[in-house]
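Visitor: Input: one structure, supplied below.
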Amino acid sequence: MTSPAPARRPKVATITVGTNESRWLPACLSTLLSSNTPDLDLAVWYVDNASTDRSTELVRDNHPQTRIIQNDSNLGFAQANNVGMRAALADGADFVFLVNPDTRTPPDLIQQLTDFMERWPEYGICGPMQYSYSEDGPVVLDEYNDWSRTAERCGEADGFAADRPGRPSPAGPAAGRAPDTLEHAYVQGAAFFVRAELLRSVGLFDRVFHTYYEETDLCRRARWAGWRVALNLGLGIQHFGGGGTGASTYRRVQMRRNRYYFLFTDITWSWPAAVSLAGRWLREDLLGRSVGGTTTPLRGWAETAAATWWLLRLAPTIARRRRTHRSLRATHPGARSKGAP
């Protein structure tokens, strides 16, 4: 009698994108590479976004097990992660874990996230809660960082609930839900665990976003395709930047324009409701009180004008995205949210 073939071990690929992140990479990659993963095959990838601080050399010399991809230019967070995800998918990964450089990963986290996804096949995206960052020593999960506190406070409300209270929650039904999960509006890209099957069917990050809102968009597309998305309340990772990257022109411009693009490509919003909300945002943006930080009214006008021109040029792309999103949602009518604005 022949013995049964051994069960195939899941393949997990971690992807860390860096642009001049040499300060953070040693701790990030060393904790990933020392993960306790007895029941899976782990590959750690580093995607360098045209760094000038010798980040690639640092990784190559000190973490030779890491697979390196070096971009010729800074592609932004969305496209650079797409480069890594395509490489991981071509390598046969079953799951992909996007991990920011300014993180430290507990030894058992990757195995636990994989076990969760194996046990609950209806979940397409999940992620750990984020905790305050420590420079060295064991990866201790003492207290939530700012992002986790905000996620806990907002719960399972719509992502724009603060702007338009009463919007339906994106969370799935109570029936069939995994314990100890929070079906928050999105899992942040700093610690984003996703099935390869989902990426192959729903797609990667929308490159238009460049940076900010790309993971929120992928989470909503996953839900429209019938997948559940959740934070795992019992799991955690240290993340230094969990409250945002600080005020800067880049952050203000990216977050402002991407927020409008995200809204106008969301087919759960009627056009009158979307235009009404965009009008409220526009008044604040012109005064310099943008979602990405505060500036002077003069700069607010200039940055808003640039964002408006960017959006107008994207009108054909927005129309195409809406058609794709309607098709995705129509294919999975059970995933539709209750009601419409």
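Visitor: Provide the descending list of Cα extents for the range 1-67 along its principal axes, expressed in whole angstroms.
Guide: For the range 1-67, the Cα extents along the three principal axes come out at 60, 19, 16 Å.
Visitor: So how much slack lies between residue 60 and residue 146, counting 0.36 nm per residue of separation and subtracting their Cα-Cα distance, in nm?
Guide: Net length gain for the segment: 27.7 nm.
Visitor: Let me ask something else about it. Accessible area of the range 70-121 with a 1.4 Å probe: how many percent of it is carbon plus sulfur?
Guide: So the carbon and sulfur contribution to the accessible surface is 45 percent.
Visitor: In terms of the ratio Rg/(2.2 N^0.38 Å) built on C-alpha atoms, what value belongs to the range 248-341?
Guide: Cα Rg divided by the expected 2.2 N^0.38 Å: 1.21.
Visitor: I need the peptides 192-202, 26-36 ranked by packing, meaning the mean over residues of other C-beta atoms within 10 angstrom, with the highest value on top.
Guide: Final packing ranking: 192-202, 26-36.
Visitor: Report relative contact order for the chain in percent, whole number only (criteria: Cα-Cα under 8 Å, sequence separation at least 6).
Guide: Across the chain, relative contact order equals 17 percent.
Visitor: Now for a separate question. Connecting C-alpha atoms closer than 10 Å in a GNM of the chain, tell me which of 293, 124, 137 has the biggest fluctuation.
Guide: Answer for the Gaussian network model of the chain: 137.
Visitor: Let me ask something additional. What's the local net charge at residue 322, with K and R +1, D and E -1, over the other residues with C-beta under 14 Å away?
Guide: Every neighbour counted, the sum reads +4.
Visitor: While we're on this one: If you look at just the Cα atoms of the range 134-259, how large are its Rg and its Dmax in Å?
Guide: Answer for the range 134-259, Rg first and Dmax second: 15.4, 44 Å.
Visitor: Would you check the accessible area of residue 132, probe 1.4 Å, heavy atoms only, in square angstrom rounded to 10?
Guide: Estimated to the nearest 10 Å², residue 132 gives 40 Å².
Visitor: Oh, and also: Would you work out what percent of the accessible area of the range 25-69, with all protein chains in place, is carbon or sulfur (probe 1.4 Å)?
Guide: 44
Visitor: Here is a follow-up. What does the net charge come to around residue 90 if you take all other residues with beta carbon closer than 14 Å to its beta carbon, with K and R at +1 and D and E at -1?
Guide: Around residue 90, the charge tally is +2.
Visitor: Measuring with a 1.4 Å probe in the full set of protein chains, what accessible area per residue, in whole Å², belongs to the chain?
Guide: That works out to 45 Å² per residue.
Visitor: Okay, moving on. Restricting things to alpha carbons, find the Rg to Rh ratio for the range 97-200 using the Kirkwood radius for Rh.
Guide: Result for the range 97-200 is an Rg/Rh of 0.97.
Visitor: Under a 10 Å cutoff between Cα atoms, tell me which one of 129, 85, 255 has the largest fluctuation in the Gaussian network model of the chain.
Guide: In this elastic network of the chain, the residue with the biggest mean-square fluctuation among 129, 85, 255 is 255.
Visitor: Right, here's the next one. Need the full-extension length gain, residue 317 to residue 20, defined as separation in residues times 0.36 nm minus the C-alpha distance. One decimal, nm.
Guide: 103.8 nm
Visitor: Further question on the same structure: What length, rounded to one decimal in nm, is gained on full extension from residue 289 through to residue 86, with 0.36 nm per residue of separation minus their alpha-carbon distance?
Guide: 69.3 nm
Visitor: Heavy-atom accessible area of residue 271 with all protein chains present, probe 1.4 Å, nearest 10 Å²?
Guide: Looks like 120 Å² after rounding.
Visitor: Counting pairwise Cα distances across the range 217-287, what percent come out greater than 15 angstrom?
Guide: Here the long-distance tail beyond 15 Å is 69 percent of all Cα pairs in the range 217-287.
Visitor: Here is a follow-up. Just from the alpha-carbon atoms, what are the Rg and Dmax of the range 16-106 in angstroms?
Guide: Here Rg and the maximum Cα pair distance are 12.4, 38 Å.
Visitor: Here's a follow-up. As an exercise, take the mean of 1/r over every pair of distinct alpha carbons in the chain, invert it, and state the Kirkwood radius in angstroms.
Guide: 20.9
Visitor: Quick check: convex hull over the Cα atoms of the range 174-217, volume per residue in Å³, rounded to an integer?
Guide: 105
The values are calculated or read from the model by the stated rules, or taken from the named source; none is laboratory data. Bear in mind that the values here come from a model prediction, so they are computed numbers and not experimental data. Virtual Cβ from ideal backbone geometry, glycine too; neighbours counted across all protein chains shown. Each accessible area value is taken on the protein alone, full model and side chains, heavy atoms only, with ligands, DNA and RNA left out. Shrake-Rupley method; radii C 1.70, N 1.55, O 1.52, S 1.80 Å.
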